[in-house]
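The next block holds one structure in the form of C-alpha cells; read it before the comments.
The values are calculated or read from the model by the stated rules, or taken from the named source; none is laboratory data. Worth saying up front: this structure is predicted, and the values here are computed from it rather than measured. Cβ atoms come from the backbone with ideal geometry, glycine included; neighbour counts cover every protein chain shown.
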Amino acid sequence: MHILCVDDDANFLDLTTTFLQRNLPAATIHTATRVGDAQTLIETEPIVCVVSDYEMPDQNGLEFLQSVRETHAELPFILFTGKGSEEIASDAISVGVTDYLQKRGPEQYERLAERIRHAVTEYQTQHELQERVKELTAIQTISDLLTASDDQSDEQLQQIATYLPKALQFPEAAVSSISLDETEFRSPEYEAPVDQLTVQDVTTAGNELELTIGYTDHSVAETDGDAFLPEERELLTTILQLITGYLDRKHVLSDLQEADRRLNLILNNTTAVMYLKDTDGRYVFVNAEYERLVDADNTEIVGSSDEDIHPPDVAAAVQANDRRVVETGEPIEVEERLTVNGAERTYLSLKVPALGGAGNVEGVFGVSTEITQRKERERQLEALNREISQFLSAETAEDVAERGVVAAREILDLQANSIHLYDAETDELVPAAYTDAVLELIGTPPSFHDGESIAWRVFEDGTATAIDDVQTDPDIYNPETPIRSELHLPLGEYGTLLAGSPTPSQFDSQDVVIGELLATHLTTALSKVNTEQALREREAELESQNERLEQFASMVSHDLRNPLSVASGHLERYQQTGEESHLDTIDTSLTRIQELITDLTTLARHGIPDENHEPVSVAEVAHDAWELVDTRSATLSTDPCTVNGDESQILALFENLFRNAVGHGGDDVTVRVGPLEDGFYVEDTGDGIPADERDSVFEHGYTTGYSGSGIGLTIVSRIAQGHDWDVTLTDSTEGGARFEFRETGSAEPADC
C-alpha cells in the first residue's frame, strides 16, 4: 500500500510519516513538500491514497485535489489540515474529497490511519468491481459485435480491436491487435507495446488467429508484479474464444454456451447483487443473490419494476440513481438503503450504462454490495471514540469496569459481558462489573485462578480471542455452562473483558477488531487510574516522611538545646573560675546529649516500615536487648514466642522498653516477656503508669521524671506501626506497666 503525504511543513510531514508508519506498518509512505513533486509521484508511483495539507504556498489543498481529480477521479484524497472551517469542509466535499480531518493532536493520527485504511479498502474494492464490470461489459459488447452479423466482417474485427483497450486496467496506455493469417487489425494510434500479452488459436478451418493486448507506457509496464490482471488474462482468452467461434460457425454455439456458463458461474455465485434494467426501469436480468434478497425467482422479477418490489420511498431513490446513469451515460457509485423482511440494509451500488451495439444507452447494469455491517462498525467506532473521555474521567478501577460493561452492551451489543480485574494479592481475576444478562445466564460470575479457565489463558496470552464453541475448549471453566460461544478481550495487566452467548459462533473477527478498540480504551483508563492511585499513595508517603523529618528537626532543636546550654554555661564559668566541679556538670550534659542523639537517630530510622520481615524469636531478641541496657540488678523472664518482623527494629523496641522499665521501676524491678494469642507482651513490677496518662506516653517528650530522653516510648510506637502492630498499655498483675503488641489483619500471623 503506497501512501502520498503532502505538506509544506517538513517537520510536520516527518511527524505524520512516523505516526503512519507506526499505525500502518505494511504501508510505503511517500512525501512531498511541493504540489509539483506530489503530482509527479502520483504519476510515477502506485499511489492508492493522498493525504494533503490545505495551506501550501504554490497551491492549496483544494486546488491540488481538483488537479488530482482531473486525471485520477477515484483516487482516495484525504484533506488533513490545521485550518478547519465549515466553508473549507463544504468546498472539499463539493470538489470530491474522500475524507476531511483536522490536525488536533496525536489521537488524530490513529484516526487518520483508520480513515486511510478504510478509504484504500473501498478504493481497491471499487477498483476490483469496476474491473469485473468492465470485463463483463467487454464480453457483452464484443459478443454483441460478433453476433450482430452472420457474415465474417473485417469491420467487426476492427471494432473489437478498437474497443478492447477500453476494457483494460489502464485504457489510456493500452493498444490491441487482431491477426487473422496475414491480415492485421489494430486499435487507433497503435504503437508497438513495451509489455504485451498474446493468445493464439487455430480455427477448424486452419486459420491462425492471434490476439494481442499491450501497454505503450513504460511506467505501466514497470509496475510491481504483472502488468496484467488475472481477469484481463481470462478476458483475453474469452474474447479469443468468441472470435474463434465467430470465425468457425460450426463451433459458435458451443463457444457461446461455454462463455455463458462462465458468466453465469460468476453472476450466480457472487455475494454481490447484480441486475440489468432497461431504460424504462424494468428488470431484464437478476442474479441468484438478487433472487435470494427479495425471496422471488427470476420469472417473478424480470419484467417488473422497483415499485413492484420495494416500498415507494425506496423505489423512488433507486430509480433516481438509475435515471442519472441513463441520462448522463456515466457510471455512478452510491449508497442505497433497501428494506428486506422489515429490516433496513445498506448497499454500495456501482451502476454503469449498458450500451447497445451502436454505443447508445440501452439500460443500467448494477452491482450492489451489502455494507450494512460495515456501516454499523463505523457507528460503533465513532461511539467508542466518544466514550473514551468517560473512561478517562473514572476515578477507580471499579468505576472503569462499570462504564466498560455498559459500553460493551450498548455500543457493541455484547449483552452478556463482564469485566474481571486482576487481584495481585490473591492472584486471581475477580469480577468487578457485569450486566444483568450475565446474571440471567450463569448467576454471579466466578473468580478465575491460574490455569483453570479460558479467561486466564487469554489474560496471560494477551491476544483477543473469539471462541465458537467453549465445549470443545480444553480450558473450559464449567462444562455445565449454558454459554456456547465467548469473546475474550484482555485488558493488559489489569484484567479481561469476557462476553458470552448461548448461541455457537456468535462472535466473528469483526467483533474481535472492534472489541480490541474498546479494550484499548479501557486499558488506557485503568492505567490512568492505577497511575493516579500510585501518585496519591506516593504523595501520602512523602507527606508522612516530611512530617517525620519536621518532627525530627523539632526534636533536635528542642531536646538538645537545654543540655547544650547547660554545658556551654558551665564551660564558660570553668574558663572564668577554673573550678573543676563545672567539668562534672559539663560531662553530665554531654552524656545527656549523646543519649538524646542515639534516641533521636533510632526514632528517625524506625519511622519507615520495613517490608523485608522474617520470623524472629521474641525471647532471643529480648535477651540480646537486655545485655545492651544498664539493667542494674533487675531481672528478665521470657517465654518462647515467634513473630514476623525486622530483628534490628524489634531489638531497638525492647531496648527502649527495658530502659523505661528500669528507669521507672528501680534497680530490682522484674521484667517479663511472653506470648499472646496474636502477639506478645512486655510487663514489669514497677509502679505502672496512671490511667489518665496512658494516652500520652507514646507522644514525643513524655517523661515521668527519670533521666530518660522522653522519646523512648515514641520509638516503641513507631516500630510497632512499622510492623502493623497495635500496642496497648495496661496494668501488669503486680500493678506495673504492661505493653501488649497484637498483629493487625494485614500483618503476617504470629506463632506464639
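The table for this structure:
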{"item": "Those residues of the stretch 566-597 which are of a type in the set (D, E) and modelled with pLDDT of 80 or more, in sequence order", "result": "E572, E579, E580, D584, D587"}
{"item": "Test result for T212, within 30 Å of E300 (Cβ to Cβ), outside any helix (DSSP H, G or I) and modelled with pLDDT of 75 or more", "result": "no"}
{"item": "Identity of the residue in the stretch 332-347, in contact (Cβ under 8 Å) with a residue 24 or more places away in the chain and closer than 20 Å to E74 by Cα, that ends up surrounded by the most Cβ atoms within 10 Å (Cβ to Cβ)", "result": "Y347"}
{"item": "Number of positions in the stretch 445-495 that are over 16 Å from the mean Cα position of the chain (by Cα) and not in a loop (DSSP other than H, G, I, E, B)", "result": "14"}
{"item": "Residue that is surrounded by the fewest Cβ atoms within 10 Å (Cβ to Cβ), among those in the stretch 10-58 that are of a type in the set (D, E) and touching a Leu at 6+ places or on another chain (Cβ under 9 Å)", "result": "E45"}
{"item": "Boolean, E327 is at pLDDT 90 or above and not in a strand (DSSP E or B)", "result": "yes"}
{"item": "Only one of T125, T183, T121 that is surrounded by fewer than 15 Cβ atoms within 10 Å (Cβ to Cβ), more than 30 Å from R261 (Cβ to Cβ), among the β-branched types (V, I, T) and at pLDDT below 85", "result": "T121"}
{"item": "Q200 over 25 Å from T147 (Cα atoms) and within 55 Å of the chain's Cα centre (by Cα)", "result": "no"}
{"item": "Residue within the stretch 666-673 that is at pLDDT below 90 and assigned to a helix (DSSP H, G or I) present", "result": "no"}
{"item": "Residues of the stretch 389-444 satisfying the condition of being under 23 Å from the mean Cα position of the chain (by Cα), part of a loop (DSSP other than H, G, I, E, B) and small (G, A, S)", "result": "S393, A394, A416"}
{"item": "Boolean, A89 is at pLDDT below 85, out of contact with any Leu (no Cβ under 6 Å at 6 or more places or on another chain) and of a type in the set (G, A, S)", "result": "yes"}
{"item": "Of all residues in the stretch 260-282 being in a strand (DSSP E or B) and not aliphatic (A, V, I, L, M), the one that is farthest from E362 (Cα to Cα)", "result": "Y275"}
{"item": "In the stretch 660-678, the residues that are buried (at least 23 other Cβ atoms within 10 Å of the Cβ) and not aliphatic (A, V, I, L, M)", "result": "N660"}
